[in-house]
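The values are calculated or read from the model by the stated rules, or taken from the named source; none is laboratory data. All values reported here derive from a predicted model rather than from experimental measurement. When we count neighbours, we look across all protein chains shown, and the Cβ atoms used for this are built from the backbone with ideal geometry, even at glycine. Accessible surface is based on the protein model in full, side chains and every heavy atom, while ligands, DNA and RNA are left aside. Shrake-Rupley method; radii C 1.70, N 1.55, O 1.52, S 1.80 Å.
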Amino acid sequence: SVPGVTVRGEDGFGLRPNIGIRGANSDRSAKVTLTEDGVLLGPAPYAAPAAYYFPMVTRMVGVEVFKGPAAIRFGPQTVGGAVNLLTRPIPQGYAHRLDVAAGLYQTRKVHGWSGYGTGRGGILVEGVHLRTGGFKELDGGDPDGGDTGFDRTEAMVKGRLGLSERHQLTLKLGYANETSNETYLGLSAADYDANPYRRYAASQRARMLWDRTQAELGWNVRVDRTFRLRTVAYHHYQSRAWTKFNAFSGAVNTHTLLQDPNPGGQSAVFVDILRGQEDSGDENQLLLIGTNDRQFHSYGVQSTARWSLPGEDVSSNLEAGVRVHRDDVVRIHTEDAFEMLNGTLNQTDDPTVTTLDSDAYSQAFSAHVQEDLRYKMLHLLPGARVEVIESFREDEGNDSLPTEPITRATVLPGLGVLRALSPWMHAFAGVHRGFSPVAPGQAEDVEAEVSWNYEGGLRFYQGDLGTELVGFFNDYTNISGACTFSAGCTDDLVGQQFNGGEAWIYGLEAVIQHTILLPGDVSVPLSGNYTYTETQFRTSFSSGFAQFGNVLAGDSLPYVPRHQGSGQITLAHPRFSVGVNVKGHAGMLDEAKPWPIEDTDVPALFLVDGAASVAIVDGWSAYVTATNLTQSTANTAWRPFGARPTAPLQAMVGVKWAAGSAK
């Protein structure tokens, strides 16, 4: 619902959303800085920023999106912006909540929390478990799709202890795990048209397993009403293993194979093997089932100070922060050969092959400063960020990587200006330098992604009506592509980064909000947003990054819709509410090329969701939610292998219970 933000679906459940901001590549949200309560949350935000972990939003109480010069407060990614997820605070007083729901496809949810707090301290315990049988129909499996779902659990404990009126300690501990029968293997164009929820027999062994721990210790200092300091030491660890179809043993590009609308000859045989309708006939027709086993450590210390000097005509709000951070990533990728026999995968006697044995790290020092200096109705917001990153990668059996750590430093300035034209109308403009760091182990000629980003707009808010119109222009001196399996890269290219030359990304963002007040405590909140985005490569080049390929100047970037938007209308009353949400985007390219979009690219998507709730008795309420009411079957992506559907109609019915003195 935020303009300029693109979310590309993958599994249909949002387990690993692909988020992009203002045209930044959305693959694995790697070009967006993701934080939880202001602390980096990715498995390895510098060394391997692909977000294979994303928190369950059901336990969040807010989401903040930062774009424009405000993005330099966060890092390392500043090309598009930052997303900060807010967890539940410890209540004042005591409070207990419970949410239990069930829905289609054997979906179940249990979410509860309990907390107690005073001025001296407090504690909060929260947990959520979500499971589903899945909506896809696995060839040779349960006809109800019972082998395509997931189980996921997240738990959090928060503690707060006041040492004095000015000093406070906080502690946050978290644990999360997931078992999901997810695959990177989609469908051919013909099979998608016949049944978009089918899953090939070649994905029978697909499974993702991961565990994550989180520990954060904070120290809050309030010197007086004008100066505050917060320091956090954090340590995150994640272990994950994803077993899935990787490729055929022969020289077959599975991505291209499944995009072919009319495969013939040997191509048709390979597709039939994926379906389980044809047996593997020779060594080139074996299926390679790979396990990507990875361990991530992310840890560091960050400190942020805020100093406010109020005044009638002149005021100042200064923020300054530093962070020392390190990522460690261990990758062990293996493959086993399987035959397709009578619709079932059977492992051959061939030995397990280790395709990647890699150890990488990045350690970084970053600092930022941002000032909000007000003179009467004019605000000047200068700022800057510094990133100094040392990185190194060592692969077993690969002598082509740099033999010594490489250190790169960059300065990221920014400036914003806001002028109040009236008490209800503001004009603003900004410029900042966008940045995305180089991954460990890259050659000396691989450059960081760098851009100069400009924006300008108007905001109007009066009473229950609010509108905003923003224009943006991002001028990339070098746009980069980072290889992941989800982007469609092969195992030998995973982790490599490719220069993409000069590019332009520009467009418009619009928001409108209004609340209609009716008699009888009834209100009708309305909201809508729209984003127009244009993209263009400014140089011609040939790239090993699967989504770039052979690029000609003037080609458009992949997976960036020209048009997207959403709207919501709700009928609200203290005892009940009923709401409808619509969202959609225009078609997208699967790889860099000129418009118009061809049949093999990603089509337009339009979804309608609904929700209703009613208060039963004090402390108890019931609700129902339904997504994809129109039962759209639009393909969300061709990456990495084949067409992938949006989730079908899903309905959930639940009850909520609330008790306690806190609100």
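Summary of computed values
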| read-out | value |
| --- | --- |
| Rg/Rh ratio calculated on Cα atoms of the stretch 569-612 (Kirkwood radius) | 1.32 |
| Value of relative contact order over the chain, rounded to a whole percent, pairs C-alpha under 8 Å and six or more apart | 12 percent |
| Along principal axes, Cα extents of the stretch 17-97, largest first, whole Å | 43, 27, 20 |
| Sum of -39500 (n - 2.57) over DSSP H runs of 4+, divided by residues of the chain (222 nm, nearest 500) | -1000 deg cm²/dmol |
| Sum of side-chain charges, Arg28 neighbourhood, beta-carbon under 11 Å (Lys, Arg +1; Asp, Glu -1) | +2 |
| Convex hull (Cα only) mean projected area of the stretch 516-555, reported in nm² to one decimal | 5.0 nm² |
| For the stretch 335-463, the spread of Cα positions along each principal axis, largest first, Å | 77, 45, 20 |
| Per-pair calculated FRET efficiency, R0 = 60 Å: Val7 and Glu165 via Cβ, rounded to 0.05 | 0.90 |
| Of every Cα-Cα pair in the stretch 523-623, the percent that sits beyond 23 Å | 49 percent |
| Area of Glu447 that stays accessible when all protein chains are in place (1.4 Å probe, Å², to 10) | 100 Å² |
| Among Thr148, Leu287, Ala201 the positive-end extreme of the charge dipole of the chain (Cβ point charges) | Thr148 |
| Cβ-derived FRET efficiency at R0 51 Å, Arg408 paired with Val269, nearest 0.05 | 0.60 |
| For q = 0.11, 0.16, 0.26, 0.27 Å⁻¹, Debye-computed log10 I/I(0) when each Cα of the stretch 375-451 counts as one equal scatterer | -0.48, -0.70, -1.15, -1.19 |
| Mean shadow area of the stretch 136-251, taken as a quarter of the surface of its Cα convex hull (nm²) | 12.3 nm² |
| Around Leu217: net Lys/Arg minus Asp/Glu count, Cβ-Cβ under 12 Å | +3 |
| Around Gly501: net Lys/Arg minus Asp/Glu count, Cβ-Cβ under 12 Å | -3 |
| Rg(Cα) / (2.2 N^0.38 Å) computed for the stretch 437-566, rounded to two decimals | 1.46 |
| Alpha-carbon radius of gyration plus Dmax, which is the widest Cα pair, for the stretch 618-662 in Å | 17.8, 53 |
| Equivalent ellipsoid semi-axes - Cα gyration tensor, the stretch 577-663, angstrom | 39, 12, 12 |
| Inverse mean reciprocal Cα-Cα distance (Kirkwood Rh) of the stretch 98-198, Å | 16.8 Å |
| Sites Ala320 and Ala427 - FRET efficiency at Förster radius 30 Å, r taken between beta-carbons, to 0.05 | 0.65 |
| Electrostatic dipole magnitude of the stretch 242-299 [Cβ: Lys, Arg +1; Asp, Glu -1; Cα centre; debye, to 20] | 320 debye |
| Relative contact order (%) - the stretch 1-72, alpha-carbon pairs under 8 angstrom, separation at least six | 21 percent |
| Per-q log10 I(q)/I(0), the chain, q = 0.09, 0.12 Å⁻¹ (Debye; single scatterer per alpha-carbon; no solvent) | -0.82, -1.54 |
| Charge dipole magnitude, Cβ of K and R +1, D and E -1 - the stretch 42-174, Cα centre, debye nearest 20 | 820 debye |
| Principal-axis tilt of helix 266-275 within the chain, Cα atoms, nearest 10 degrees | 60 degrees |
